[in-house]
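Participant: Pasting a structure below so you can have a look.
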Amino acid sequence: MGARGNSGVILSQLFRGFSKHIEQKETIDAKEFALALQAGVDTAYKAVMKPIEGTILTVAKDAAKKAVAVSAAEDQIDRVLELTIEEARASLDRTPDLLPVLKRSGCC
């Protein structure tokens with residue numbers, strides 16, 4: 001697809017990778033959810049010519065990493081979701097430190 005940072009295109013690739021991972025499954029558990037999130041991240045990173053940290057890619061990557069780690073020890077999907085969302089919020093809060101243009105604009 002050749003996206004260059006358009007968050008809408010990136011989001012579509014996150015959904016594409018996630019849905020492709022689960023398309024043959026009737027149900028998913030906490031581990032499959034985490035793996036599907038990671039598949040979405042992998043697909044999105046491949047769609048971007050020059051991935052830049054501090055963007056939606058970073059937030060998704062950090063959330064997926066947390067989901068995979070938590071799901072290794074926790075089988076309750078609601079708990080995995082809760083901790084994944086917490087990590088996504090924390091990652092979003094860190095984005096100005098990774099992307100100077102955000103810090104300069106005072107956006108976050």
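The values are calculated or read from the model by the stated rules, or taken from the named source; none is laboratory data. Fair warning: this is a prediction, and the values are worked out from it, not measured in the lab. Here the Cβ is made from the backbone with ideal geometry for all residues, glycine too, and neighbour counts use every protein chain on show.
Participant: With at pLDDT 95 or above, small (Gly, Ala, Ser) and under 18 Å from Leu83 (Cα atoms) as the only criterion, which of Ala69, Ala39 stands out?
Facilitator: Criteria check complete, one pass: Ala69.
Participant: Considering only the stretch 83-96, state which residues are within 19 Å of Ala72 (Cβ to Cβ) and either outside any helix (DSSP H, G or I) or touching a residue at least 24 places away in the same chain (Cβ under 8 Å) (or both).
Facilitator: If the condition is that a residue be within 19 Å of Ala72 (Cβ to Cβ) and either outside any helix (DSSP H, G or I) or touching a residue at least 24 places away in the same chain (Cβ under 8 Å) (or both), then Thr84, Glu87, Ala88 are the ones that fit.
Participant: Considering each residue of the stretch 40-62, count those that are buried (at least 19 other Cβ atoms within 10 Å of the Cβ), over 10 Å from the mean Cα position of the chain (by Cα) and either part of a helix (DSSP H, G or I) or basic (Lys, Arg) (or both), and give that number.
Facilitator: 2
Participant: Considering every residue within the stretch 97-106, establish whether at least one is of a type in the set (Lys, Arg), without any contact (Cβ under 8 Å) to a residue 12 or more places away in the chain, more than 20 Å from Gly8 (Cα to Cα) and surrounded by 13 or more Cβ atoms within 10 Å (Cβ to Cβ).
Facilitator: Yes, the stretch 97-106 contains a residue that is of a type in the set (Lys, Arg), without any contact (Cβ under 8 Å) to a residue 12 or more places away in the chain, more than 20 Å from Gly8 (Cα to Cα) and surrounded by 13 or more Cβ atoms within 10 Å (Cβ to Cβ).
Participant: Consider Leu37 against the criteria (1) over 14 Å from the mean Cα position of the chain (by Cα); (2) buried (at least 20 other Cβ atoms within 10 Å of the Cβ): it satisfies all of them except one. Which criterion is unmet?
Facilitator: (1)
Participant: Just to be sure before I move on: is Asp75 part of a loop (DSSP other than H, G, I, E, B) and either of a type in the set (S, T, N, Q) or loosely packed, with under 14 Cβ neighbours inside 10 Å (or both) in the structure I sent?
Facilitator: yes
Participant: Moving on. List every residue pair whose Cβ atoms lie under 6 Å apart, where the two residues are 6 or more positions apart in sequence or sit on different chains, the first residue falls within the stretch 27-56 and is on the phi > 0 side of the Ramachandran plot, and the second residue, located anywhere, is outside any loop (DSSP other than H, G, I, E, B).
Facilitator: Taking only residues 6 or more apart or on different chains, the pairs are Gly54/Thr95; Gly54/Leu98.
Participant: Step by step: first the residues of the stretch 78-96, then only those that are within 18 Å of Phe18 (Cβ to Cβ) and among the hydroxyl-bearing types (Ser, Thr, Tyr), then the one that is surrounded by the most Cβ atoms within 10 Å (Cβ to Cβ). Which residue is that?
Facilitator: Step by step, filter the stretch 78-96, then rank; the result is Thr84.
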